[in-house]
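The values are calculated or read from the model by the stated rules, or taken from the named source; none is laboratory data. This is a predicted model, so every value here is computed, not measured. Don't worry about glycine lacking a Cβ; one is built from the backbone with ideal geometry, like all the others, and counts go over all protein chains shown. We work out accessible area using only protein heavy atoms, side chains counted, and drop any ligands, DNA or RNA first. Shrake-Rupley method; radii C 1.70, N 1.55, O 1.52, S 1.80 Å.
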Amino acid sequence: MDFELTEENRIFRDAIRDFAEKEIAPLVDEAEETGIFPKQLFRKMGEQGFLCPRYPIELGGGGGDKVTECIMVEEINRVCPGIAAALMAQSGLATQPLYHFGSDELKEKFLIPAIRGEKIGAFGLTEPDVGSDAASIRTRAVRDEDHYVINGTKMFITNGPICDYVVVAAYTDPTKRGEGINLFVVERGTPGFSVSRKLDKLGNRSAETGELVFEDCRVPARNMIGGKEGGGFGQLADTLVSGRITYGARCTGTAQAAYDLTVRYAKERVQFGKPIVKFQNTRFKLAEIATQVDVMRTYTYRVAHLYDQGKNVRKEAAMVKLFTAEILQKILGLCMQIHGGYGYMMEYPIQRFWRDGRLYTVTEGTSEIQRMIIAKELGL
Ligand SMILES: Cc1cc2nc3c(=O)[nH]c(=O)nc-3n(C[C@H](O)[C@H](O)[C@H](O)COP(=O)(O)OP(=O)(O)OC[C@H]3O[C@@H](n4cnc5c(N)ncnc54)[C@H](O)[C@@H]3O)c2cc1C
């Protein structure tokens, strides 16, 4: 049993950490302030194989695996969870269905440019009236000769306002609950596809999130991922299992950042004649947080490693998402408390991580949904 990163993993981690500190950190304030994602990062990271590090080098990826993707996500989240959100949507949700189930033509046209950062992808499953109960989506795709006509609305879509294409879930056969769903690639500029609004958010402000509308939107039948009607629910499950592991890395990176900021603050802040880090109460809290972050990281990478070995980790992926997102809430609360009143001030970055991390028990399957999956997998 070996729980250490390999030499190759460590080299990658150092390189992406360096990139995040030099190339991303200087962009954070403006992106958070304006709510505009610094799009140049897609190309810059794509050129270095950092954007989608787990896909093969021949496709423009980093030639790594799930562990490598987790390292990227953890390191970017340490610097800015909002920016990480946009990049994660690209390295996972918007590309995995194409990578695993897309035709050569779809790979050539969308996947490879996305991996290289030349095209920005989004993933549209959630609708205004349908979130957790994904099998109840209302978006329809009706065949019309060599096209499908899509009608529906997608809500909360990361990268929606800036995407070049979106992978959309729609029913081709609404009589078959879940099984009648398909995924379609819809290109920006296709008549009938529009971004109806960009959404204003509490946190993750540098990721652009939107509502997308499809009104009699005609897409070529060859844009259907998988090439035949039905089977899209399996493609969704495949993508979401992988995403839940990535979420462990997202939570770990955010927790590590909060811990680092809090240690620094606790060493600087003096009360009753000594730095607050010297009070047992502060030391105990920080000791607990450091322990929790280690467990979050170890568990995430263990499951990522099992995933890389081709194991069925449906249950473990849900456990990673549930455990890391929930424990993060406690960590962020403690870090805010140690910061006292300054933690509540916008000039201190801890509030940003607190706002950003609040999202994680909700997106890509709420904690309640993860509990439902785990209980089902346990045969309860
Ligand atoms: C910033 C942001 C970015 C997002 N990005 C994307 C994206 O790129 N693509 C995309 O498709 N979606 C995206 N989402 C949507 C996200 O995945 C959903 O918000 C999430 O799945 C929850 O759905 P909902 O918000 O509709 O909540 P609901 O499903 O309405 O749930 C509301 C509450 O009820 C609980 N609940 C629901 N059903 C049950 C049950 N059976 N038992 C117990 N409790 C239950 C939930 O756990 C939750 O607490 C994003 C959301 C946000 C906020």
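Listed by first and then second residue, the pairs linking a residue in region 358-380 that is within 19 Å of M155 (Cβ to Cβ) and in a helix (DSSP H, G or I) to a residue that is more than 10 Å from the ligand (Cβ to nearest atom) and open to solvent by 40 Å² or more (accessible area, probe 1.4 Å), with Cβ atoms under 7 Å apart and 6 or more places separating them unless they lie on different chains, are T361/E326; T361/Q329. If you filter region 62-84 down to residues that are out of contact with any Ser or Thr (no Cβ under 6 Å at 6 or more places or on another chain) and over 20 Å from D18 (Cβ atoms), you find that the one that is nearest to the ligand (Cβ to nearest atom) is K66.
Looking at region 178-199, which of the residues that are open to solvent by 30 Å² or more (accessible area, probe 1.4 Å) and touching a Ser or Thr at 6+ places or on another chain (Cβ under 8 Å) is nearest to the ligand (Cβ to nearest atom)? Here the answer is L199.
Pairing each residue of region 213-230 that is under 15 Å from K109 (Cβ atoms) with any residue that is at pLDDT below 95 and outside any strand (DSSP E or B), provided the two are 6+ apart or on different chains, yields C-beta distances under 8 Å for I225/G232. Kindly indicate whether any position in region 335-344 is touching a residue at least 24 places away in the same chain (Cβ under 8 Å), open to solvent by 40 Å² or more (accessible area, probe 1.4 Å), within 16 Å of the ligand (Cβ to nearest atom) and in a helix (DSSP H, G or I). The answer is no, given that none of the residues of region 335-344 is touching a residue at least 24 places away in the same chain (Cβ under 8 Å), open to solvent by 40 Å² or more (accessible area, probe 1.4 Å), within 16 Å of the ligand (Cβ to nearest atom) and in a helix (DSSP H, G or I). Which of (1) part of a helix (DSSP H, G or I); (2) more than 24 Å from R352 (Cβ to Cβ); (3) more than 16 Å from the ligand (Cβ to nearest atom) does L286 not meet, given it meets every other one? Result: L286 fails condition (2) only. The set of residues in region 1-30 being charged (D, E, K, R) and outside any helix (DSSP H, G or I) consists of D2, E4.
Residue-by-condition table, conditions (1) in contact with a strand residue (DSSP E or B) (Cβ under 7 Å, 6 or more places away or on another chain); (2) away from the ligand (no atom under 12 Å from the Cβ); (3) under 23 Å from F42 (Cα atoms):
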position: L106; (1), (2), (3): yes, yes, yes
position: D129; (1), (2), (3): no, no, no
position: I150; (1), (2), (3): yes, yes, no
position: C163; (1), (2), (3): yes, no, yes
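For a quick check of your reading: which strands (runs of 3 or more DSSP E) sit entirely within region 75-180 and have at least 3 residues that are in contact with a helix residue (DSSP H, G or I) (Cβ under 8 Å, 6 or more places away or on another chain) and closer than 21 Å to G226 by Cβ?
121-124, 147-158, 165-171
For the residues R138, R143, the requirement of being open to solvent by 70 Å² or more (accessible area, probe 1.4 Å), basic (K, R), modelled with pLDDT of 95 or more and within 16 Å of the ligand (Cβ to nearest atom) singles out R138. Within region 364-380, at least one residue is closer than 20 Å to T239 by Cβ, more than 10 Å from the ligand (Cβ to nearest atom) and open to solvent by 70 Å² or more (accessible area, probe 1.4 Å). Residues in region 273-307 that are of a type in the set (S, T, N, Q), under 13 Å from I338 (Cα atoms) and open to solvent by less than 80 Å² (accessible area, probe 1.4 Å): T282 only.
With respect to the conditions (1) within 23 Å of N77 (Cβ to Cβ); (2) open to solvent by 20 Å² or more (accessible area, probe 1.4 Å); (3) in contact with a strand residue (DSSP E or B) (Cβ under 6 Å, 6 or more places away or on another chain), L202 falls short on a single one, namely (3). With respect to (1) assigned to a loop (DSSP other than H, G, I, E, B); (2) more than 16 Å from the ligand (Cβ to nearest atom), the lone exception for Y265 is condition (1). Filtered by the rule that a residue be open to solvent by less than 60 Å² (accessible area, probe 1.4 Å), touching a helix residue (DSSP H, G or I) at 6+ places or on another chain (Cβ under 6 Å) and not hydrophobic (A, V, I, L, M, F, W, C), region 257-272 gives Y259, T262, Y265.
Which pairs do you get when a residue that is among the aliphatic types (A, V, I, L, M), found in region 232-247, comes within reach of a residue that is open to solvent by 10 Å² or more (accessible area, probe 1.4 Å), reach meaning Cβ atoms under 7 angstrom, with the pair 6+ apart or on two chains? Note: pairs meeting the criteria are L236/L125; L236/A134; L240/E364; L240/G365; V241/R314; I245/Y307. The set of residues from region 154-169 being out of contact with any Asp or Glu (no Cβ under 6 Å at 6 or more places or on another chain) and open to solvent by 10 Å² or more (accessible area, probe 1.4 Å) comprises F156, T158, D164.
Within region 33-63, the set of residues being open to solvent by 20 Å² or more (accessible area, probe 1.4 Å) and in a helix (DSSP H, G or I) comprises E33, T34, Q40, R43, K44, E47, I57, E58, L59.
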